[in-house]
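Just so it is clear, none of the values below were taken in a lab; they were calculated from the coordinates. It should be emphasised that the depicted structure is a prediction, and the values quoted were computed from it without experimental measurement. Using ideal geometry, Cβ is built from the backbone for each residue, glycine included, and neighbour counts are taken over all protein chains shown.
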There are 2 protein chains.
Amino acid sequence: MTIPSATVSRLVTYLRILEELELNEVKHTSSGDLAEQAQVTAFQVRKDLTYVGRHGTRGKGYTVAVLKREIIRVLGLNQRWKVVIVGMGRLGHAIANFPVATEYQFEYTGLFDVDPKVVGTAVGGLPIRHMSQLPQFVAEHGVDMAFLTVPPERAQAAAEKLVEAGIYSILNFAPTVLRPPQLQDEKEISKTPERHNVTVENVDFLAGMKRLAYYTRKPDRPEAEDI
Amino acid sequence: MTIPSATVSRLVTYLRILEELELNEVKHTSSGDLAEQAQVTAFQVRKDLTYVGRHGTRGKGYTVAVLKREIIRVLGLNQRWKVVIVGMGRLGHAIANFPVATEYQFEYTGLFDVDPKVVGTAVGGLPIRHMSQLPQFVAEHGVDMAFLTVPPERAQAAAEKLVEAGIYSILNFAPTVLRPPQLQDEKEISKTPERHNVTVENVDFLAGMKRLAYYTRKPDRPEAEDI
DNA sequence: GAGTGTGAACGAATTCACAGCG
DNA sequence: CGCTGTGAATTCGTTCACACTC
C-alpha cells in the first residue's frame, strides 16, 4: 500500500502526540483529540489512520500504546538506522551533538569531511574521516542514510559521492535541489544494475524563512501603519 | 490572487536557480531549463510562473534578471524583514551566527531567552534580552517575524508570548505543532479585536529524518511479521 | 450514544494539449 | 519554428455522510 506523502508527514505528528500522551500516562485517545492537537480535522485523522490499519474501537477510540506501536511499525521506526553525517562544519557539528539516539533506533556511525583541519578530530566520541574513505566505510559497516550538511555549492557533488558509495537516502540540509546522479557514462550502467532510487528529504530554514515572508507580506507598502 | 502553497515553495526554488544563473552571467533561460534544475516538469514551471505574471517571450524564454526581480517582488523579498530569535540555546546561537543579511533584507534585531546564564551576553554584537522585555521591544522597534528555537516543551508557551507581544509570523524550529493561542478568556476578546492570523512555518529535521526512514524502509524487512 | 471506518462527493493541484506570438 | 501561456482533463488529497460496532 502506498501512503500519500501528506499522510506520512501527519503520521509523524500523530506519533509525537501519542508519545506525549504516553508520557502523561494517558491510555486512551480519539480522532477528535488527535485532530485538536495536530491542528487538522478529525476526518483527516481517521482517513490517515486507515493507512496503518484498523486499531480503533468504535464508540471508544484508540489505545495510545497500540496506535503508537503501529505507527512506529508503518514508518519503519522499529528498525535500526545507521546514519553518517557528511560535512562537519558548524551545522554538522550541531547535528552530530544532537542526541539522535533518543529518537528510536537512529544511530550515528560515521562522520565525514574533506577539510584537513577537521579530519582526524572527534565529535561525541566519533572520529571525523576523510570523504575518500566513505565507500570502504559503507561497505564495511553498512549505512542506511546520510545527513548532508555541506555548503550548498558542494552539495550536488557530495550527493553523487554518497550514491556511488551505496547510500540512497539523503537528508539534505543544503538550500539546493539535488539532482539524480547521471549514471556516469554508459559503461557504468552495466556495472550497477542495482536499484538507485535515491530518496531525498530537505531541511531548509532559508526556504522556510522566505515562504514565511510571502505569507506575512504586507499589502505592498514599504512602511505600513502599525497593528 | 492567492498562490497555492506548493507553488510558493517552488518559486523559492526558481529564485535560487535564477540567482545562480545570474552569478554565472547567464542572461536567459527557459521553462525547460528551470524545470531540469528544479526537478519538476516544464508544465509545472510555466503554470507556476503565471502566478508572477507574463514575463516570458514566446519562442525565446525568460530574461533571468526580469524573472528574478518579479519573483522577489511576489514573495515580498524586496521588503525589509525584522527578525527576533527566541531561544538562545545551541540552535539559537547557530542560527544567530548565520549571515542572514546576505539573504535579501532579513535582519536580526533582537535575541531573547529566559535563562539568566545567557541573558546579558551578546551574539554577533546583539545582546540577549530577557523574554519579559519582548513586548516593549516589539512596540519600540517593530518586529516582523520570530525564529522560535526553544526546547519543544516550551514552544507553545513561547509562541503565545510572541502573539501577545504582537508577532504573528513564526518560523518554528521545535518539533511540535503550534496551536493558535486561545484568546485568553472572554474579557480579552474585546480588548484585541485586531487581526491575529498567526502564520507558522516549520523547520523540523527530526520529522524529515522519520519521513526519510519511511521512504527508505525496505520491503525485505529483517524481523517482525506482517499482517 | 459515541466514535470508528470508508465509499462517494468535492476541491485543489498537476498534467496535458494546443492556441498564440515573437 | 520554438517556447510561452492557459483552458480542459486528469489525478490526487481532503471533506463528508453515514453505516457500523462497541
Summing +1 per Lys or Arg and -1 per Asp or Glu among the other residues with Cβ less than 10 Å from residue B:174's Cβ gives -1
If you place +1 on the Cβ of every Lys and Arg and -1 on the Cβ of every Asp and Glu, how big does the dipole about the Cα centre of the protein assembly as shown come out, in debye to the nearest 20?
820 debye
In whole Hz, the Karplus estimates of ³J(HN,Hα) for the range B:54-61 (6.51, -1.76, 1.60; θ = phi - 60°; x where Gly or Pro) are 9, 10, x, 10, 5, x, 10, x
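So what's the back-of-envelope 222 nm ellipticity for chain B, counting only DSSP H runs of four-plus at -39500 (n - 2.57) apiece and dividing by all residues, rounded to 500? Before the final figure, lay out each step's value.
Working: 9 runs with 97 residues, N = 227.
For chain B, the value works out to -13000 deg cm²/dmol.
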With each pseudo-label sitting 7 Å past Cα toward Cβ, what's the residue A:57-residue B:78 distance in nm, one decimal?
6.2 nm
Loop-resident trypsin sites (Lys or Arg not before Pro) in the range A:72-155 with no more than 14 other Cβ atoms inside 10 Å, DSSP not H/G/I/E/B, are A:80, A:117
Please give me, ordered by residue number, the GluC sites (Glu not before Pro) of the range A:1-88 that lie in loop per DSSP and have at most 15 other Cβ atoms within 10 Å.
A:25
With +1 at each Lys and Arg Cβ and -1 at each Asp and Glu Cβ, the charge dipole magnitude of the range A:5-75 around its Cα centre, to the nearest 20 debye, comes out at 360 debye
Which whole number gives the average count of other chain Cβ atoms within 10 Å of the Cβ atoms across peptide A:99-105?
2
If we count every other residue with Cβ under 13 angstrom of residue B:86's Cβ, Lys/Arg +1 and Asp/Glu -1, where does the sum land?
-1
Mind checking the mean number of beta-carbon atoms from other chains within 10 Å of the Cβ atoms in B:139-145?
2
Pairs A:210/B:47; A:47/A:82; A:27/A:82; A:82/A:210; A:47/B:68: which are spaced more than 30 Å apart, C-alpha to C-alpha?
A:47/A:82; A:27/A:82; A:82/A:210; A:47/B:68
At what distance in nm do the modelled label points of residue A:199 and residue A:25 sit from each other, each positioned 7 Å from its Cα along Cα→Cβ?
3.8 nm
Counting DSSP beta bridges with both partners in the protein assembly as shown, what percentage is antiparallel, nearest 5?
20 percent
In nanometres, what is the gap between the two model label sites at residue B:133 and residue B:97, each 7 Å from Cα along Cα-to-Cβ?
2.3 nm
Compute the length gained on full extension between residue B:115 and residue B:69: take 0.36 nm times their separation in residues and subtract their Cα-Cα distance, giving the result in nm to one decimal.
12.3 nm
